[in-house]
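The values are calculated or read from the model by the stated rules, or taken from the named source; none is laboratory data. Here the structure is a predicted model, which means the values were calculated and not measured. Here Cβ is always computed from backbone atoms with ideal geometry, including for glycine, and neighbour counts include all displayed protein chains. Note: accessible area is taken over every heavy atom of the protein model, side chains too, but ligands, DNA and RNA are not part of it. Shrake-Rupley method; radii C 1.70, N 1.55, O 1.52, S 1.80 Å.
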Amino acid sequence: MTQPPVASTLERLAGGYQLKIHLLGISPQISRRVLVRGDTTLAELHHIFQVAMGWENWHLHCFHLWGKDYGLSYAGGTWYADDARRVHLGDFPWRVNDKFTYTYDFGDYWQHQVRVEKVLPATAVPTGPVCLSGRRACPPEEVGGPRGYDQRTLDQFSWAYEAHDRLLAGEDIREDDVPTWFWTYRPEHFDKDQVNQKLAKLYQLKGNPDFLFSQGGYDYFFADLIS
């Protein structure tokens, strides 16, 4: 099928994209589908991906698109030639099925493949970012990447199974030496409404430089939202 001609830069910035974000190396698939505007900067897109996926923004990141790396330059971290606050998604002539990568946490190395599913006109794009759908929960932070995730979720399942039997036997499991997330993490859970609450708040914060360069979690910025 012949694709339509690529729009001008102004048309691309006014329009938008439907993107599918797929976390590589894990099966069953963990993914999100989002709508974003063409005038979204790569700095803003980083936070959109963090919130949509469920990450906590504890680590460095990098986009690789059109043969070049982009990201936010932090003191003591990776330096990038271009300012991600000045580069927009719509600056590039995307076509349907084009792909790029987003890598988060250079230690655990969570690599996301992002595919352009739709190129949308301005009339079809909401004011702020929207999550359309998703599959499964984001991995917990600091579990060691895809291989570590597989092992740690297996450990969690084994502990939960044994803990249930011990509870029925009257044992106290509150002092078990396990990671905090063992108590609450549900691998198959995804809450689209909660994600969209946070994305709406994110849109309100998009002009806040303290937010754009923040690291170490979103609790402070999302404290007013209902859990």
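Numbers for the structure displayed
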| item | result |
| --- | --- |
| Boolean, Arg86 is in contact (Cβ under 8 Å) with a residue 24 or more places away in the chain, on the phi < 0 side of the Ramachandran plot and in contact with a Lys or Arg (Cβ under 7 Å, 6 or more places away or on another chain) | no |
| Identity of the residue in the stretch 54-64, hydrophobic (A, V, I, L, M, F, W, C) and open to solvent by less than 40 Å² (accessible area, probe 1.4 Å), that ends up farthest from Arg115 (Cα to Cα) | Trp55 |
| Residue in the stretch 42-53 that is part of a helix (DSSP H, G or I), open to solvent by 20 Å² or more (accessible area, probe 1.4 Å) and not aliphatic (A, V, I, L, M) present | yes |
| Residue list for the stretch 182-217, filter: in contact with a helix residue (DSSP H, G or I) (Cβ under 7 Å, 6 or more places away or on another chain), open to solvent by less than 30 Å² (accessible area, probe 1.4 Å) and not in a helix (DSSP H, G or I) | Leu205 |
| Residues satisfying the stated conditions in the stretch 1-41, i.e. assigned to a helix (DSSP H, G or I) and open to solvent by less than 50 Å² (accessible area, probe 1.4 Å) | Arg12, Leu13, Ala14 |
| Enumeration of residues in the stretch 134-144 that are within 23 Å of Leu19 (Cα to Cα), surrounded by fewer than 18 Cβ atoms within 10 Å (Cβ to Cβ) and more than 12 Å from the chain's Cα centre (by Cα) | Arg135 |
| Members of the stretch 65-77 that are of a type outside the set (A, V, I, L, M, F, W, C), within 21 Å of the chain's Cα centre (by Cα) and open to solvent by 50 Å² or more (accessible area, probe 1.4 Å) | Lys68, Asp69 |
